[in-house]
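J.: Attaching a single structure in structure tokens format; questions to follow.
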């Protein structure tokens, strides 16, 4: 039986995505510059794929128009599991993607999608008692996994800051700053450097990581730890 992954962890699209990337010609030597004409062709194909396939797919198939938010699981045959838990990571990525897309292309459909994602993130995933974002919730917004995974919090900063850039809505910026402050206060390791990745709902360090098999330990040198300064720079 083939294992299924939640929508925000599904990587089965990767082979097809890489197949769509044109091969670099023999003129490009290892370590050398790729001819400008090839870079332009690659950029055009990537943009066409984004606007003609990827963004339209998410616009058309992923929103739960009955209960709000986004479906947590869609099979390869497009079977929608309407009652699957929803993840903050997915909503944050959608929020960032469509906010950035609107900033570049000014398509009102992209802005509307970003607004949909923003409402979902704030209404269902925000922990109003202890701050931060729940890792997952039910379709009605009841917490399932309350652990404060820094991986998810960082994507929240990215998304909220980008949404603020296109809307100027100060509550989005305030929430992004609050997330950053919570991470610095509770997850930063002042003795050895770096950041603890897994914390419980009240921001206490824990050994169990909700990412399970994807990550083996609760503290490690993950790329997004160093990249925490990138979303932080958006807040400047």
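The values are calculated or read from the model by the stated rules, or taken from the named source; none is laboratory data. Keep in mind that what you see is a predicted model, and the values were worked out from it rather than measured. Using ideal geometry, Cβ is built from the backbone for each residue, glycine included, and neighbour counts are taken over all protein chains shown.
Residues checked against (1) over 16 Å from residue 206 (Cα atoms); (2) within 15 Å of the chain's Cα centre (by Cα):
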residue: 150; (1), (2): no, yes
residue: 162; (1), (2): yes, yes
residue: 171; (1), (2): yes, no
residue: 175; (1), (2): yes, no
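Residues checked against (1) touching a strand residue (DSSP E or B) at 6+ places or on another chain (Cβ under 6 Å); (2) farther than 11 Å from residue 150 by Cβ; (3) modelled with pLDDT under 95:
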| site | (1), (2), (3) |
| --- | --- |
| 177 | no, yes, no |
| 191 | no, yes, yes |
| 196 | yes, no, yes |
| 208 | no, yes, yes |
| 211 | no, no, yes |
| 229 | no, yes, yes |
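J.: Can you spot a residue in region 7-16 that is modelled with pLDDT under 70, in a loop (DSSP other than H, G, I, E, B), out of contact with any strand residue (DSSP E or B) (no Cβ under 6 Å at 6 or more places or on another chain) and over 29 Å from residue 147 (Cβ atoms)? Steps first, answer last, please.
T.: Taking region 7-16 as the starting set, the residues that turn out to be modelled with pLDDT under 70 are 7-16.
Those still in the list that are in a loop (DSSP other than H, G, I, E, B) too: 10-13.
Cutting the leftovers down to out of contact with any strand residue (DSSP E or B) (no Cβ under 6 Å at 6 or more places or on another chain) gives us 10-13.
Adding the requirement that they be over 29 Å from residue 147 (Cβ atoms) leaves none.
Within region 7-16, none of the residues are modelled with pLDDT under 70, in a loop (DSSP other than H, G, I, E, B), out of contact with any strand residue (DSSP E or B) (no Cβ under 6 Å at 6 or more places or on another chain) and over 29 Å from residue 147 (Cβ atoms).
J.: Would you check if residue 129 is part of a helix (DSSP H, G or I), modelled with pLDDT of 95 or more and more than 15 Å from the chain's Cα centre (by Cα)? Talk me through it step by step, then tell me what you get.
T.: Values: part of a helix (DSSP H, G or I): no; modelled with pLDDT of 95 or more: yes; more than 15 Å from the chain's Cα centre (by Cα): yes.
Criteria not met by residue 129.
J.: Let me ask you something else. Quick one: which residue in 100, 117 is farther than 16 Å from residue 87 by Cβ, assigned to a helix (DSSP H, G or I) and under 14 Å from the mean Cα position of the chain (by Cα)?
T.: 100
J.: Just for region 132-148: of the residues that are in contact (Cβ under 8 Å) with a residue 60 or more places away in the chain and more than 23 Å from residue 81 (Cα to Cα), which one is farthest from the chain's Cα centre (by Cα)?
T.: Restricting to residues being in contact (Cβ under 8 Å) with a residue 60 or more places away in the chain and more than 23 Å from residue 81 (Cα to Cα), the top hit is 147.
J.: Could you please find all residues in region 168-207 being assigned to a helix (DSSP H, G or I) and buried (at least 17 other Cβ atoms within 10 Å of the Cβ)?
T.: The answer is 172, 173, 175, 176, 179, 180, 182, 183, 186.
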